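Remarks on the structure that follows.
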Amino acid sequence: MHKDTPMSTVLKNFLPYLGRLVIVALLCSLVLGGWPRQGKAAKSVHLSYWMRSGIEQLEAGNYQQALQDFNQSIEQENNLALAYSNRCLTQIYLQDYLHAWQDCTRSLQQQSDNYLAYFHRGLAFYRLGDYPQALTDYNQTIRLKPTYYQAYYNRGLVQATMKNHPLALADFNQSLRQITNWQPDALATIYNDRGLSHLALHNFTSAKADFNQALRLNKNNASAYYNLACTAHQLGEYERSIADLNRAIAIDPFYADAYIRRGLLRHQLGYYQSALADLNQGANHLYQQGLHHNYRQILALIEQIHQQLLSLPSPIV
């Protein structure tokens, strides 16, 4: 039963932060790196030892060694377009986005039709917050390789980040059309993120359909359950929202956002002690994940709830 107490203003005031959590879910749902999909190492039929070794190390996740190998290949001036493009991707994995876009630019100076260099540079610009330039590079990727579903997906994420949700939906639709073989994890990711754009546009029926499709493709998709909970919350279906959050947490016991949203919902329903337990759990996970600003936000909210509880009239015994 919903209880309308003065403390319900805490939930209302906190909803903008929850909106930002939905965007985080949007960006993090694919990856894979939690951000736009990263590409594959560019290959050629004639590879030097250092190039072959660098690609092997990159695909094995040994990024520092891959970086050293591509450095050697570049020093030998061997297939520079390929070497710069692969070093760009390596630096993306190492989160060195400034050097990544510089290397992709060098690759394009050597070979102007290298669609992977545009694709990787688009991701580097995205991570640097230069969304217009990221869009330009994904447009170029698609111009050079119109069937590259990853480029449509990444461009959709950029459009969603810029709140251009109708354009994001068009890109997610095109990405789904371009997948030619059965890739359930990729499909689940695209449906999940398309659902978020529907949710942002208040297309609740379409949003629920996409999140449920994501779960049919991947039943362990905690993000899809979280996003279903967000949809139910928007519709005022609070108990249903809590049930979906329970499923998300069962899949991922460290899902800080799910604990926080469940805590806020329980607070709204008047279950104050369980709400505080959830908020404390969410705060602990935020701290462990290094999200100290968000951690402090939740601590402030917990303290606000404590103070409001103390101000309530004492029951008659």
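K208 meets each of the listed conditions (1) charged (D, E, K, R); (2) farther than 24 Å from A250 by Cβ; (3) crowded, with 18+ Cβ neighbours inside 10 Å apart from (2).
For segment 104-145, the candidate set comprises residues that are assigned to a loop (DSSP other than H, G, I, E, B) and in contact (Cβ under 8 Å) with a residue 12 or more places away in the chain; within that set, the residue that is farthest from the chain's Cα centre (by Cα) is Q111. For segment 271-278, the criterion of a residue being under 25 Å from the mean Cα position of the chain (by Cα) and within 27 Å of G236 (Cα to Cα) is satisfied by at least one position.
Table: residues versus (1) over 30 Å from I74 (Cβ atoms); (2) in contact with a His (Cβ under 9 Å, 6 or more places away or on another chain); (3) modelled with pLDDT under 95.
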| site | (1), (2), (3) |
| --- | --- |
| T105 | no, no, no |
| R155 | no, no, no |
| S175 | yes, no, no |
| N181 | yes, no, yes |
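For segment 174-190, how many residues meet the condition of being open to solvent by less than 50 Å² (accessible area, probe 1.4 Å), assigned to a helix (DSSP H, G or I) and not small (G, A, S)? Residues flagged as open to solvent by less than 50 Å² (accessible area, probe 1.4 Å), assigned to a helix (DSSP H, G or I) and not small (G, A, S) within segment 174-190 amount to 7. Residues in segment 227-256 that are of a type in the set (D, E) and closer than 17 Å to S274 by Cα were compared, and the one that is most open to solvent (accessible area, probe 1.4 Å) is E239. Of everything listed in (1) open to solvent by 60 Å² or more (accessible area, probe 1.4 Å); (2) in contact (Cβ under 8 Å) with a residue 12 or more places away in the chain, the single unmet condition for Y152 is (1). Reported count of residues in segment 260-286, each being open to solvent by 20 Å² or more (accessible area, probe 1.4 Å) and farther than 14 Å from L299 by Cβ, is 8.
Taking segment 202-317 and the helices (runs of 4 or more DSSP H) fully enclosed by it, the elements with 1 or more residues that are out of contact with any Pro (no Cβ under 6 Å at 6 or more places or on another chain) and more than 30 Å from D185 (Cα to Cα) are at 256-268, 272-288, 292-311.
Every test in (1) open to solvent by less than 20 Å² (accessible area, probe 1.4 Å); (2) touching a Gly at 6+ places or on another chain (Cβ under 9 Å) is passed by L167 save one, and that test is (1). Once segment 114-143 is narrowed to residues that are charged (D, E, K, R) and at pLDDT 95 or above, the residue that is least open to solvent (accessible area, probe 1.4 Å) is D137.
The values are calculated or read from the model by the stated rules, or taken from the named source; none is laboratory data. Bear in mind the structure is a predicted one, so any value in this text is a computation, not a measurement. So basically every Cβ, Gly included, is an ideal-geometry build from the backbone, and we count neighbours across all protein chains shown. When the accessible area is computed, the model is the full protein with side chains, heavy atoms only, and any ligands, DNA or RNA have been set aside. Shrake-Rupley method; radii C 1.70, N 1.55, O 1.52, S 1.80 Å.
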